[in-house]
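**Q** Quick one: the structure is below, questions incoming.
The values are calculated or read from the model by the stated rules, or taken from the named source; none is laboratory data. Worth saying up front: this structure is predicted, and the values here are computed from it rather than measured. Backbone-built Cβ (ideal geometry, glycine too); neighbour counts: all protein chains shown.
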Amino acid sequence: MNQEIIRLVDIVRNFHVGTEIVRALRSISLEIRKNEFVALMGPSGSGKSTLMNILGCLDTPTSGHYYLNNQDVSKMVDNELAEIRNKEIGFIFQTFNLLPRSTALENVMLPLIYAGFNKSSRIEQAEKVLSDVGLSDRMTHKPNELSGGQRQRVAVARALVNQPSIILADEPTGNLDSKTSIEIMGLLETIHQAGNTIIVVTHEEDIALHAHRIIRLMDGNVASDEKNKNIRLMDYYKQPVKD
C-alpha cells in the first residue's frame, strides 16, 4: 500500500476581519497517500483556497497539525516553510506565473537555482522536463511567444523540475479553452501515472472528474471524500499534444 504523504489533523484556520472572526477551516482531518490524484472542490467561501494555501505551506493553521512526509510543518516559521516549498511542493497556477523576460528554459531552471544546483545540472534537468511535456522545440521561447497551453506546460515543467513530493495545481485550466484544458489534464494524468502525487484545486466538475478521488468542502468542513468511479480518461491523453 502506498505510504501516507500528507496527514491533516483537526486543522482550523481563523481570520480576524475587524472585530469579527471568520472561521475559514473548522476542523479538517484527512490523509493523502503517495501517487494519489486528488481533486479538491468547493464553492466560493467553502475554504478550499485556504486549505490549498496550508497544503502548499503558503500559510499555517490557527490550530491543528499538518504532517508532510512525516514532518510537522504546521508550526514552522517563514524560512523553514520556504525551504519545504522549494523541496517538497511543485506549484501550477491558473495565471502561469512565468517570468515574462525569461525563456521557457530559464523559467523552468528557477527552482533549481534556489535549491543550489550548479548551472550544468540546472540546464540538464530543465531540458529533460521540458522535453517530457512536449516542449523540446520551445525552450528558447519567451512566454509571449507561446500559446496558453504551451505556457501552462512550461509551468508544469517548472513544478516537476525539483522532483517534489506533491504537485499542487490551483485552477490549472482556468485561463485555457476547453480543448487545451483537456490536453493539460491529460498531461497531469501522464505525470500521475509516472508516480507523482497530484492535488488539483478546482470549481469545475469536468476537471475534477480527471482525478481518482474527489474531496468536497463546504463551510470550512469536509462535506464528502469519495473515490471517483467515473474517471475521465482517454487513450490520447497519454501523450502531450503539441499546439
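**Q** So for the range 133-156 (the condition being more than 23 Å from ASN175 (Cα to Cα), crowded, with 16+ Cβ neighbours inside 10 Å and modelled with pLDDT of 90 or more), does at least one residue qualify?
**A** For the range 133-156, residues more than 23 Å from ASN175 (Cα to Cα), crowded, with 16+ Cβ neighbours inside 10 Å and modelled with pLDDT of 90 or more: absent.
**Q** Yes or no: the range 198-218 includes at least one residue that is under 30 Å from SER120 (Cβ atoms) and either among the charged types (D, E, K, R) or out of contact with any Gly (no Cβ under 6 Å at 6 or more places or on another chain) (or both).
**A** Within the range 198-218, the first condition is being under 30 Å from SER120 (Cβ atoms), and the residues that meet it are 198.
If we keep only those that are either among the charged types (D, E, K, R) or out of contact with any Gly (no Cβ under 6 Å at 6 or more places or on another chain) (or both) as well, we get 198.
Taking every residue of the range 198-218 in turn, at least one turns out to be under 30 Å from SER120 (Cβ atoms) and either among the charged types (D, E, K, R) or out of contact with any Gly (no Cβ under 6 Å at 6 or more places or on another chain) (or both).
**Q** Go over the candidates ILE11, ILE21 one by one and state the one that is closer than 22 Å to ASP219 by Cβ and in contact with a His (Cβ under 8 Å, 6 or more places away or on another chain).
**A** Numbers: ILE21 fails: in contact with a His (Cβ under 8 Å, 6 or more places away or on another chain).
After applying the criteria, what remains is ILE11.
**Q** Continuing with this model, one more query. Might you check whether a residue that is polar (S, T, N, Q), surrounded by fewer than 23 Cβ atoms within 10 Å (Cβ to Cβ) and within 13 Å of the chain's Cα centre (by Cα) occurs anywhere in the range 164-171?
**A** Residues of the range 164-171 polar (S, T, N, Q): 165.
Still in the running and surrounded by fewer than 23 Cβ atoms within 10 Å (Cβ to Cβ): 165.
Filter once more, keeping what is within 13 Å of the chain's Cα centre (by Cα): 165.
Yes, the range 164-171 has at least one match.
**Q** Enumerate the pairs (first residue in the range 17-31 and part of a strand (DSSP E or B); second residue anywhere and exposed (fewer than 11 other Cβ atoms within 10 Å of the Cβ) and at pLDDT below 95) with beta-carbon separation below 9 Å, excluding pairs fewer than 6 apart on the same chain, so at least 6 apart or on different chains.
**A** Once the first residue is part of a strand (DSSP E or B) and sits in the range 17-31, its partners that are exposed (fewer than 11 other Cβ atoms within 10 Å of the Cβ) and at pLDDT below 95 give VAL22/HIS16.
**Q** Further, regarding this structure: For the condition closer than 28 Å to LEU58 by Cα and in contact (Cβ under 8 Å) with a residue 24 or more places away in the chain, what is the one hit in GLN125, GLN163?
**A** That would be GLN125, the only listed residue that is closer than 28 Å to LEU58 by Cα and in contact (Cβ under 8 Å) with a residue 24 or more places away in the chain.
**Q** Determine whether ILE11 is farther than 30 Å from SER181 by Cα, of a type in the set (A, V, I, L, M) and either at pLDDT 95 or above or not in a helix (DSSP H, G or I) (or both).
**A** yes
**Q** Give the residues of the range 181-196 that are touching a residue at least 40 places away in the same chain (Cβ under 8 Å) and farther than 22 Å from GLU127 by Cα, sorted by residue number.
**A** Correct list: ILE182 only.
**Q** Sticking with this one: Looking at the range 107-120, which of its residues are surrounded by fewer than 20 Cβ atoms within 10 Å (Cβ to Cβ) and assigned to a helix (DSSP H, G or I)?
**A** LEU110, ILE113, TYR114, LYS119, SER120
The rows are residues; the columns are (1) touching a Cys at 6+ places or on another chain (Cβ under 7 Å); (2) in a helix (DSSP H, G or I); (3) farther than 22 Å from PRO172 by Cα.
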| position | (1), (2), (3) |
| --- | --- |
| ASN79 | no, yes, yes |
| PHE96 | no, no, no |
| PRO100 | no, no, no |
| LEU105 | no, yes, no |
| ARG122 | no, yes, yes |
| SER131 | no, yes, no |
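Yes/no per residue for (1) of a type in the set (D, E, K, R); (2) surrounded by fewer than 20 Cβ atoms within 10 Å (Cβ to Cβ); (3) under 28 Å from GLY148 (Cβ atoms):
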{"position": "LYS34", "(1), (2), (3)": "yes, yes, no"}
{"position": "LYS48", "(1), (2), (3)": "yes, no, yes"}
{"position": "ASN69", "(1), (2), (3)": "no, yes, no"}
{"position": "ASN97", "(1), (2), (3)": "no, yes, yes"}
{"position": "SER102", "(1), (2), (3)": "no, yes, yes"}
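**Q** While we're looking at this one, here's another question. Would you check which residues across the range 34-69 are free of Cβ contacts under 8 Å to residues at least 40 places away in the same chain and either assigned to a strand (DSSP E or B) or closer than 16 Å to PRO164 by Cα (or both) and list them?
**A** The answer is CYS57, LEU58.
**Q** Given the criterion touching a residue at least 12 places away in the same chain (Cβ under 8 Å) and assigned to a helix (DSSP H, G or I), identify the matching residue among ARG138, ARG85.
**A** Exactly one of ARG138, ARG85 is touching a residue at least 12 places away in the same chain (Cβ under 8 Å) and assigned to a helix (DSSP H, G or I), namely ARG85.
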